[in-house]
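Please read the structure below before turning to the comments.
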Amino acid sequence: MRHCAASGARRICQTPGNMRGEQREMPIAPPQGATVTIRAGRFIDGAGSAPRANVTIRVEDGVITSVDERAPASGEVVIDLSEYSVLPGLFNMHVHSVLPGDGTPFHEWMELPDELLLLQAHANALASLHAGVTTLRDCGGKGSLMFRLRDAIRSGIIPGPRYVLSGHALTITGGHCRFFGGEVDGPEEMRKAARRLLKEGADFIKIFASGGGTIGTYPQFPAFDVDELRAAIHEAHKIGKVASCHCTCAASIVNALDAGTDHIEHCSFLTGAMTVEYDDDIARRVADSGVYVTPTLQTMHDLDSAMVARVDAGTATADERTFVTNARARFATQLETTSRLHELGVPLVAGSDAGWRHTRFDNFSRELAHLVDAGMTPLDAIHAATGRAADACQLGSVVGRLEPGKRADILAVQGDPSTDIAALTAVAMVLQDGRVVVDRR
């Protein structure tokens, strides 16, 4: 294990954990006011720029103070990452932290006590952090649980990543994810519910504009009417915050755009007949509006993989066997839709839908790999999980790019993810606010 590099430098060392992210590492903070110097062999800034070689990053009190090619001076505290690629900590832009991501049916899982859901959320947060994800955008949790988890992390009671929260999210009576507790109907209820969430500390308002995978809902049809969506979105906009709409059908995308959404989750083009029919006119509206889109490719691929495994094991139901016969074509269609949106210039961001169905928190790099499969370059995909993601969260002035004035949320990996996105799986070190939280060198 290599600890540090420059002559006379003080050593920063930790006990390495394994690659599944068990919490063996403990944060180590430099002396108050000290400058920590990171020597990066390959530097990826998170802004989409070409990588640079042999870059030095200086950090003071958790904030990046300089980024240049000057070699570390004798006496500086140095973290030697000269054999690694260094980039901003990643954003997973779509997660449900209170869910297990192990295939447990949603309605069954939500019968567990809130205390267990909160513990699961913290376990998921730690798994993400140890996979190089330093910011999680949670798109729906039960009641106020996620606000309490964030309070505990911010106060230092427990370790965890930075959180961007929506709270329980808004759904129609009987709608998708109703077990989170956000059922509302009509413009006035939407307005009040949005205000309550903002009072609790929501960073954005999340609305289920269509049905989804919850039993008894209809992903092929819109849920809320435009006036209902507009009421909640307006409340966010009034105080400078943003809103996002879950849209699995083409009609719900149109409604969300008409209502003024800032962000679309999934952006699928389901029809009333449960077929996917890409609509170029709607896609161009999405592009012209400038809204961010999170395609959530990983969750569909993970579901397909899990069903294939059940078929191979001889444990699949008849419905699951039928599901598998269409799996490859279905995922290929989703990739093609994402590719077309990218070609139109839609600002795509990376989110895996971790927690939902079979999607775990410790393998987020798969979502970026799928974005590459959809036509993005590896650097584009990294930007979708760093600088652009930070902008979508209104955190562009805080994190997401490695430049002076930003918080030092930093990831180091073996290999070159700018040419081979799979390198993101080989996490070597993670720093959060300039503190080492993972060291696997």
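The table for this structure:
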read-out: Neighbours by Cβ (under 7 Å, 6+ apart or cross-chain): first from the range 62-77, closer than 18 Å to Arg435 by Cα; second of a type in the set (A, V, I, L, M) and assigned to a strand (DSSP E or B); value: Ile64/Ile57; Thr65/Val59; Val67/Val55; Val67/Ile57; Val77/Val36
read-out: Some residue of the range 370-387 being out of contact with any His (no Cβ under 9 Å at 6 or more places or on another chain), of a type outside the set (Val, Ile, Thr) and within 21 Å of Tyr278 (Cα to Cα); value: yes
read-out: Pairs, first within 15 Å of Asp114 (Cβ to Cβ) in the range 135-162, second buried (at least 22 other Cβ atoms within 10 Å of the Cβ) and acidic (Asp, Glu), C-beta under 7 Å, six or more apart; value: Met146/Asp138
read-out: Subset of the range 313-351 that is of a type in the set (Asp, Glu) and without any contact (Cβ under 8 Å) to a residue 40 or more places away in the chain - its residue that is farthest from Ala389 (Cα to Cα); value: Asp319
read-out: Close pairs from the range 107-131: first closer than 30 Å to Ala428 by Cα and assigned by TED's automatic domain parsing to the domain that holds Ile158, partner hydroxyl-bearing (Ser, Thr, Tyr) and not in a helix (DSSP H, G or I), Cβ under 7 Å, at least 6 apart; value: Ala121/Ser97; Asn124/Ser97; Ala125/Ser97
read-out: Test: residue in the range 109-116 that is charged (D, E, K, R) and part of a strand (DSSP E or B); value: no
read-out: Matching residues in the range 151-171 - criterion: being crowded, with 23+ Cβ neighbours inside 10 Å and farther than 15 Å from Asn92 by Cβ; value: Gly167, His168, Ala169, Leu170, Thr171
read-out: Odd one out for Thr104 among (1) crowded, with 17+ Cβ neighbours inside 10 Å; (2) not assigned by TED's automatic domain parsing to the domain that holds Ile421; value: (1)
read-out: Qualifying residues in the range 271-287 (those that are loosely packed, with under 13 Cβ neighbours inside 10 Å and touching a helix residue (DSSP H, G or I) at 6+ places or on another chain (Cβ under 9 Å)) - the one farthest from Arg366 (Cα to Cα); value: Gly272
read-out: Qualifying residue in the range 176-189 (condition: of a type in the set (Gly, Ala, Ser), touching a helix residue (DSSP H, G or I) at 6+ places or on another chain (Cβ under 6 Å) and more than 30 Å from Gln414 (Cβ to Cβ)); value: no
read-out: The range 206-246, residues that are under 20 Å from Gly186 (Cβ atoms) and within 22 Å of the chain's Cα centre (by Cα); value: Lys206, Ile207, Phe208, Ala209, Ser210, Gly211, Ile233, Ala236, Ala243, Cys245, His246
read-out: Hits in the range 48-65 (condition: more than 14 Å from Lys406 (Cβ to Cβ) and either assigned to a strand (DSSP E or B) or charged (D, E, K, R) (or both)); value: Arg52, Ala53, Asn54, Val55, Thr56
read-out: Which numbered condition Asp280 fails, given (1) over 25 Å from the mean Cα position of the chain (by Cα); (2) modelled with pLDDT under 95; (3) of a type in the set (Asp, Glu); value: (2)
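Rundown of residues vs (1) outside any loop (DSSP other than H, G, I, E, B); (2) over 15 Å from the mean Cα position of the chain (by Cα), yes/no style:
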residue	(1), (2)
Leu81	yes, yes
Tyr84	yes, yes
Phe91	yes, no
Ala127	yes, no
Thr134	yes, no
Lys142	no, yes
Ile153	yes, yes
Gly167	no, yes
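Residue-wise test of (1) closer than 17 Å to Pro417 by Cβ; (2) not hydrophobic (A, V, I, L, M, F, W, C).
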position: Ala47; (1), (2): yes, no
position: Ala50; (1), (2): yes, no
position: Ala53; (1), (2): yes, no
position: Thr56; (1), (2): no, yes
position: Glu60; (1), (2): no, yes
position: Ser66; (1), (2): no, yes
position: Ala71; (1), (2): no, no
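The values are calculated or read from the model by the stated rules, or taken from the named source; none is laboratory data. Model, not experiment: these values are computed from the prediction. Note that each Cβ is placed from the backbone with ideal geometry, even for glycine, and that neighbours are counted across all protein chains shown.
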